[in-house]
Every structure is written in structure tokens, then in C-alpha cells.
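Input: a single structure, listed below in C-alpha cells.
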Amino acid sequence: MTRGRRPRTGTEPVTAYSPLRMRLVLSCVFVPLFAALTGAFAVWWATSDSGDQPSPAELAWLTLGCALLTLLAAIDLAVVLRRRRHQREGHERLAPPPPRR
């Protein structure tokens, strides 16, 4: 048993992987989307007055929420890219050397 992991129950695959391609696509979509929303909410927040609806405090929370989602999506994108690079490098190392002539 490995430290920090639950013991296997016998029903899950031994080499289960997360769907990296789907996570890559989702991260590539949501990083720019959340970044654009963060910018839009920040501009709206900066130009709003205290009597407006939504209030500047609510816009600040929306801006902060979108900024955090941007950060999480960017971190996930970095993790996915690192895992894909690691998988590719691992497969290259396992390939047999070319035959000598």
C-alpha cells in the first residue's frame, strides 16, 4: 500500500488516468473566458456608482470570483500540459533504440 492512497477495492482499473485531452480543451476554453469576465467585471466595478444595481461590493465579489476561477483553470492547464509532456517523454524513453547497420 502506498502512503497517502486508499487501498484498492479490486473494481477500479490499475492504471486509471484522468481524461487529459478533455481537461486540456476545457482549460483552453475557460482560461480566456474567465479572464475576459474578470476584466469586464473589473471595468464595470470601476465605473459603477454606489446607487447602481448591482452594487460595487457585489461587482467586487464577482470580479474576485472570476479571477479565482481564472487562476484555477490556469493551474489545471499547467498540470495537464506537464502530465502530457511527461507521458510523451516516458513513451520516448521506452522506445527501443534504432537498429545499427
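The values are calculated or read from the model by the stated rules, or taken from the named source; none is laboratory data. None of the values given here were measured: they were computed from a predicted structure. Virtual Cβ from ideal backbone geometry, glycine too; neighbours counted across all protein chains shown.
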### Query
What tally of residues in region 16-47 results from selecting those that are small (Gly, Ala, Ser) and either surrounded by 17 or more Cβ atoms within 10 Å (Cβ to Cβ) or touching a residue at least 60 places away in the same chain (Cβ under 8 Å) (or both)?
3
### Message
I want to confirm something. Restricting to region 1-59 and keeping residues that are of a type in the set (S, T, N, Q) and farther than 25 Å from Ile75 by Cα, which single residue is modelled with the lowest pLDDT?
### Response
Thr2
### Message
Just to be sure I understand the filter: pairs with C-beta atoms under 8 Å, separated by 6 or more residues or on different chains, first member in region 72-89 and in contact (Cβ under 8 Å) with a residue 40 or more places away in the chain, second member of a type in the set (D, E, K, R). Which pairs pass?
### Response
Asp76/Arg23; Val80/Arg23
